[in-house]
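Notes follow the structure.
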Amino acid sequence: MNLTAKPSSPPQRSHFSVHSFAAAKAAGEKIVMATAYDAWTARLLAELPVDCLLVGDSAMMVMHGEPNTLGATIELMALHTRAVARGAPDRFIVADMPFLAMRRGEAHAVDCAAQLLRAGAHAVKVEGVRGHSEIIRHLVESGIPVMGHVGLTPQSVHALGGFRVQGRDPGAAERVRGDADLTEAAGCFAMVLECIPAMLARELTRQLEIPTIGIGAGRGCDGQVLVLHDLLGLTPDFQPRFARRFVDGAALVRRGVARYSAAVKSGRFPKAKEAF
Ligand code: KIV
């Protein structure tokens, strides 16, 4: 007997591919990216106009309650990626290369990227560029689309002295510009700009050929990415300035579970029609 309820509406087929990023930039159309870590939210996102799902290593913080992303392993990232690919088989999926995956040589990076692509990702995202631009190039030449990530790179949280805005003073801004240039030159098809001043992000977006996807980088970017749980208001204790809550998801969860609990305690759940 199949006890599984039928999904309400089938996932929408998306034609967004790696080439769509450049096309969107050329057409001046904003790119919408959101994180997804599991099959059921991916399935919901697949019904919506979200161009690209990011299996971010933020999963470590959002789903596993850790203080940073350093604990993400390639096995964990592949597991989350597989779940997202099952939920949203027609969406363009980018998966994060975990902490230090790019620093153990070319063969290790290729193995990690292969695991993510075999799990269902269409591209990998790589934080930073200095010291591993050649490995990015090698991945790209091996047929693996790579999204870059400059500005605040959370895997370097300890080197950066915390989750801080980058590129505020002229020297720091010059470093971000250099990172962005190196990222584009290495062959990335797009790059995330995280937590840099809006003016700097706008300047980079104008100068770079590849699209920029901002998070905490103002509206001048070619697209935006947010952690799904932040935009749904599911992280009540964490509200960074840049992350707008589009709904109060925490209130919805609290209300739903409180109603369930009250119904069980009072004997109003389940009804006869909810039993066999
Ligand atoms: O891991 C992640 O979710 C990310 C985004 C915040 C860009 O890298």
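The values are calculated or read from the model by the stated rules, or taken from the named source; none is laboratory data. Not measured: the values here are computed from a predicted model. Glycine also receives a Cβ, built like all others from the backbone with ideal geometry; neighbour counts cover every protein chain displayed.
For the stretch 32-44, the set of residues classified as surrounded by 22 or more Cβ atoms within 10 Å (Cβ to Cβ) and away from the ligand (no atom under 11 Å from the Cβ) consists of ALA42 only.
For the stretch 29-43, the criterion of being within 22 Å of ALA109 (Cα to Cα) and in a helix (DSSP H, G or I) is satisfied by no residue at all.
Residues in the stretch 239-269 that are part of a helix (DSSP H, G or I) and small (Gly, Ala, Ser): GLY249, ALA250, ALA251, GLY256, ALA258, SER261, ALA262, ALA263. Against the condition within 16 Å of the ligand (Cβ to nearest atom) and of a type outside the set (Val, Ile, Thr), how does GLN166 come out, does it pass? Spelling it out, GLN166 is indeed within 16 Å of the ligand (Cβ to nearest atom) and of a type outside the set (Val, Ile, Thr).
Farther than 26 Å from ARG43 by Cα and either crowded, with 17+ Cβ neighbours inside 10 Å or at pLDDT 95 or above (or both): is that true of GLY220 in this structure? Yes; evaluated as a whole, the condition is true for this residue.
Taking the conditions (1) touching a residue at least 40 places away in the same chain (Cβ under 8 Å); (2) in a helix (DSSP H, G or I) in turn, ARG177 satisfies each one other than (1).
Could you please let me know if PHE246 is surrounded by fewer than 18 Cβ atoms within 10 Å (Cβ to Cβ), within 21 Å of the chain's Cα centre (by Cα), within 14 Å of the ligand (Cβ to nearest atom) and under 30 Å from GLU127 (Cβ atoms)? Answer is no for this residue. Residues of the stretch 187-238 that are polar (S, T, N, Q), assigned to a helix (DSSP H, G or I) and within 14 Å of the ligand (Cβ to nearest atom): none at all. Being modelled with pLDDT of 95 or more and under 18 Å from GLY249 (Cβ atoms) holds for only one residue in LEU45, LEU79, LEU70, LEU54, and it is LEU45. Tell me whether the stretch 75-94 contains one or more residues that are assigned to a loop (DSSP other than H, G, I, E, B) and within 21 Å of PHE163 (Cα to Cα). No, because not a single residue in the stretch 75-94 is assigned to a loop (DSSP other than H, G, I, E, B) and within 21 Å of PHE163 (Cα to Cα).
Cβ-Cβ contacts under 6 Å between residues 6 or more apart (or on different chains), taken from a first residue in the stretch 141-155 that is under 15 Å from LEU54 (Cα atoms) to a second residue that is of a type in the set (A, V, I, L, M, F, W, C) and near the ligand (Cβ under 10 Å from one of its atoms), are listed as MET147/VAL94; HIS149/VAL192.
Counting just the residues of the stretch 56-68 that are over 17 Å from LEU234 (Cβ atoms) and surrounded by 14 or more Cβ atoms within 10 Å (Cβ to Cβ), which one comes out farthest from the ligand (Cβ to nearest atom)?
Filtering first and then ranking leaves ASN68.
Kindly list, by first and then second residue, each pair from a residue in the stretch 121-140 that is at positive phi and assigned to a loop (DSSP other than H, G, I, E, B) to a residue that is hydroxyl-bearing (Ser, Thr, Tyr) and within 13 Å of the ligand (Cβ to nearest atom), limited to pairs with Cβ atoms under 7 Å and residues at least 6 apart or on different chains. Correct list of pairs: GLY128/THR153; GLY128/SER156. Specify the residue that is nearest to the ligand (Cβ to nearest atom); the eligible residues are those in the stretch 173-186 that are among the small types (Gly, Ala, Ser) and buried (at least 17 other Cβ atoms within 10 Å of the Cβ). Restricting to residues being among the small types (Gly, Ala, Ser) and buried (at least 17 other Cβ atoms within 10 Å of the Cβ), the top hit is ALA180.
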